[in-house]
């Protein structure tokens, strides 16, 4: 699916290794967030580091896999890169100025450019991906649901701040990342998947991988609150858990049922040469 796969594997490995070091340190020494992450948000940072450690291990495994990595493995890797872009984008934008801040910036930047490189290297002409119609509609509808919910929700939270001129101290990165990057991606890929466009069919599962890892870390963060002397918000826990299971289920079915059998397209010149001859055009006098 991707040209120059060796280069992409290097990008995946470096990103995964940096994320593994940062995440494992965050889990082992939660105190690194003292003073740079609000006290009520530290359970979320702890749970995000757990998910990041697992995600980085999977990304490194995909990078080190021998042979030509299957296309579906590459799709999963793109989803994990999207997760790192979002997760460490939060630390970068929110100015988490601890000893790992430069590492956070490196992960944020590497994951972004690895995604750009992947987009430029897609061998779309080697595949005509196919997905059963019913599953294609369900997958696209699930993706469309996200911007329909979060655009009004986030905008409704931003308008009072815009009117009053208040500046919140934390989580403003969520507005930036969601409204500028994630929701437009869901919207675009939902439309392309509805149209059975190859880009939508190929990339929408990666977005579901991103969604699952992000939202599941929120559910895990609720369970981690007692470790930090805070009470679990059961409503937030169940909402995050249900949404993460939703992402996991749709993304898994989409990826499993996605037909990626190579069907090379004929060059236009060859296709034209195989057309049956038609009536000769009349010559103008």
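Bear in mind that the values in this text are calculations on the coordinates, not laboratory data. Only a predicted model underlies this, so the values are computations on that prediction, with no experimental measurement involved. A quick note on method: Cβ atoms are made from the backbone with ideal geometry, for glycine too, and the neighbour counts reach across all protein chains shown.
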In region 220-237, which residues are without any contact (Cβ under 8 Å) to a residue 40 or more places away in the chain and buried (at least 16 other Cβ atoms within 10 Å of the Cβ)?
237
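Considering only residues that are outside any helix (DSSP H, G or I) and in contact (Cβ under 8 Å) with a residue 24 or more places away in the chain, look in region 1-34 and name the one that is surrounded by the fewest Cβ atoms within 10 Å (Cβ to Cβ).
Keep residues of region 1-34 that are outside any helix (DSSP H, G or I), which gives 1-4, 29, 34.
Filter again for in contact (Cβ under 8 Å) with a residue 24 or more places away in the chain, leaving 1-4.
On the way: 1: 24, 2: 21, 3: 13, 4: 11.
Only one residue fits best here, namely 4.
Yes/no matrix, rows are residues, columns are (1) under 27 Å from residue 254 (Cα atoms); (2) out of contact with any helix residue (DSSP H, G or I) (no Cβ under 9 Å at 6 or more places or on another chain):
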position	(1), (2)
36	no, no
46	no, no
50	yes, no
56	yes, no
65	yes, no
70	yes, yes
77	yes, no
82	yes, no
91	no, no
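I'm checking my understanding of the structure. Among residues of region 73-109 that are part of a loop (DSSP other than H, G, I, E, B) and surrounded by 17 or more Cβ atoms within 10 Å (Cβ to Cβ), which one is nearest to the chain's Cα centre (by Cα)? Break it down into steps so the answer makes sense when it comes.
Filtering region 73-109 down to residues part of a loop (DSSP other than H, G, I, E, B) leaves 94-100.
Keeping just the survivors that are surrounded by 17 or more Cβ atoms within 10 Å (Cβ to Cβ) gives 94, 96, 98, 100.
Working: 94: 20, 96: 22, 98: 26, 100: 23 Å.
The qualifying residue nearest to the chain's Cα centre (by Cα) is 94.
If you go through region 59-72, how many residues are farther than 23 Å from residue 181 by Cβ and buried (at least 24 other Cβ atoms within 10 Å of the Cβ)?
So in region 59-72, the residues farther than 23 Å from residue 181 by Cβ come out as 60-61, 63-72.
Filter once more, keeping what is buried (at least 24 other Cβ atoms within 10 Å of the Cβ): none.
Total satisfying the criteria: 0.
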Region 142-191 - residue that is surrounded by 12 or more Cβ atoms within 10 Å (Cβ to Cβ) and outside any helix (DSSP H, G or I) and, of those, farthest from the chain's Cα centre (by Cα):
170
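Right, residue 199: in a helix (DSSP H, G or I), free of Cβ contacts under 8 Å to residues at least 40 places away in the same chain and surrounded by fewer than 17 Cβ atoms within 10 Å (Cβ to Cβ) or not? Step through it out loud before you land on a result.
Details: in a helix (DSSP H, G or I): yes; free of Cβ contacts under 8 Å to residues at least 40 places away in the same chain: no; surrounded by fewer than 17 Cβ atoms within 10 Å (Cβ to Cβ): yes.
It is false that residue 199 is in a helix (DSSP H, G or I), free of Cβ contacts under 8 Å to residues at least 40 places away in the same chain and surrounded by fewer than 17 Cβ atoms within 10 Å (Cβ to Cβ).
Please determine, by comparing only the residues of region 162-180 that are touching a helix residue (DSSP H, G or I) at 6+ places or on another chain (Cβ under 9 Å) and without any contact (Cβ under 8 Å) to a residue 12 or more places away in the chain, which one is farthest from residue 92 (Cα to Cα). Reasoning before the result, please.
Quick first cut of region 162-180, residues touching a helix residue (DSSP H, G or I) at 6+ places or on another chain (Cβ under 9 Å) only: 166-168, 170-179.
Adding the requirement that they be without any contact (Cβ under 8 Å) to a residue 12 or more places away in the chain leaves 166-168.
On the way: 166: 21, 167: 18, 168: 16 Å.
Checked region 162-180; the qualifying residue farthest from residue 92 (Cα to Cα) is 166.
Can you name the residue in region 43-64 that is touching a residue at least 12 places away in the same chain (Cβ under 8 Å) and more than 30 Å from residue 230 (Cα to Cα) and, of all such residues, is farthest from the chain's Cα centre (by Cα)? Quick ask: steps written out before the conclusion?
First, the residues of region 43-64 that are touching a residue at least 12 places away in the same chain (Cβ under 8 Å): 43-53, 55-60, 62-64.
Narrowing further to those that are more than 30 Å from residue 230 (Cα to Cα): 58-60, 62-64.
Numbers: 58: 14, 59: 13, 60: 16, 62: 16, 63: 17, 64: 21 Å.
Ranking the candidates gives 64 first.
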